[in-house]
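These notes are about the structure you will find just below.
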Amino acid sequence: MLVATETRRSNPPRPRFARIRSVAGAIALIAVSGSLIATLIQTDCEAVTRQALLGYTDALNSGEPMLAEQFLADGGSFSWYSENPSRVGAEARDRESLDDYLSSRVDQHARLRVLFFDFNAEAPVGVLGQFGFYAINESRDFMTGKGAVSCETGQLTVLSIGGA
């Protein structure tokens, strides 16, 4: 009489170097994913930064009121808004006087046409987008400028026009 016996096949233990290779592969995958995520954040921050500057200049050129409220950060996030030579130094850092200043610029029919935009840094990544630009103002004067935008809120924290 034949008796059936069940033979269990066990997987042989993997050599130690195979486990190390698996861990190394997982680490490499995480590193690549992190790099991809950083690239996506940078791409989004660059788009947010560009839109902040162009949105501001479009609103200025259209004569929209309340530019500071719409486009510039408030409180601790605001650093400065300068226009050389009319708003520099301590006045450029004064957020309280910015609404009145920008209202007067709108009343003067100020215009700013961006000719070239250069997104040049994020510091730290995904938090603050920094840029430079070339523009022409209402008097057709060629101007340089620079600024920074919160990648999270899309508001300008720095805008310096006419002397970067």
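Seen from Gly63, the other residues with C-beta closer than 14 Å to its C-beta sum to a net charge of -2, counting Lys and Arg as +1 and Asp and Glu as -1. A cut-off under 12 angstrom between Cβ atoms defines the neighbours of Phe117, and their net charge, with Lys, Arg +1 and Asp, Glu -1, is +1.
Taking amide H positions as modeled 1.01 Å from N, with prolines and chain starts lacking one, the residues under 5 Å from Arg111 and 5 or more places away or on another chain are Glu138. Taking a Cβ cut-off of under 15 Å around Ala73, the surrounding Lys, Arg, Asp and Glu residues balance to a net charge of -4, with basic ones at +1 and acidic ones at -1.
Quick note: the coordinates plus some simple rules give every number you see, no bench work behind them. Please read all numbers here as calculations on a predicted model, not as lab measurements. Cβ: placed from backbone, ideal geometry, glycine included. Neighbour counts: every protein chain shown.
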